[in-house]
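Quick note: the coordinates plus some simple rules give every number you see, no bench work behind them. Fair warning: this is a prediction, and the values are worked out from it, not measured in the lab. Reconstructed Cβ throughout: ideal geometry from the backbone, glycine too, with neighbour counts over all protein chains shown.
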Amino acid sequence: MSTTASTAAAAEASDRAGASRRNGTFYRGDPGMWSWVLHRITGVLTFFFLFVHVLDTALVRVSPNVYDEVIETYKSPLVNLLEVGLVGAVLFHALNGIRVMLIDFWEPGPRYQRPMLWTIIGIWILVMVPGTYYMLERTVSDLLGGAN
């Protein structure tokens, strides 16, 4: 009897899981999921940058000449693009972190999580568009032969 009861319970649980997936409660491709994924990715990228930054700054004590060479490579157009990406990652991570705190500690936060997500995306775009322009202005000018 216990075998039949456990088989019936497993079948019922499977049916409930299938029903929830059909009703759209299964977490698949929702903007909140992508926000969660991007938050983790931007956190790892920021950690990696800080690790490299500590290492390259430590070079000044070990060998000032090597430090100067490393700093000179940071003036390349590729590194400038990476800097724009870094600023974008840190900004998204910070804004989304505020959103996550509001969801966790503000009672109506879970109800407003989706509007807050679109708000942080809007703020991110409003900051990144002019920021990208000013960060890339020198590099584009140098690549096109302008002198500053």
- Message: Given points 7 Å out from each Cα along the Cα-Cβ axis, report the Ile41 to Tyr67 separation in nanometres with one decimal.
- Response: 3.5
- Task: With N denoting the number of residues in segment 43-85, provide Rg(C-alpha) divided by 2.2 N^0.38 Å, to two decimal places.
- Result: 1.23
- Query: Which cross-chain or sequence-distant (5 or more) residues have an amide H under 5 Å from the amide H of Asp30, H modelled 1.01 Å from N in plane?
  - Reply: none
- Query: What is the Rg over Rh value, at two decimals, for segment 69-140, using alpha-carbon atoms and the Kirkwood definition of Rh?
  - Reply: 1.17
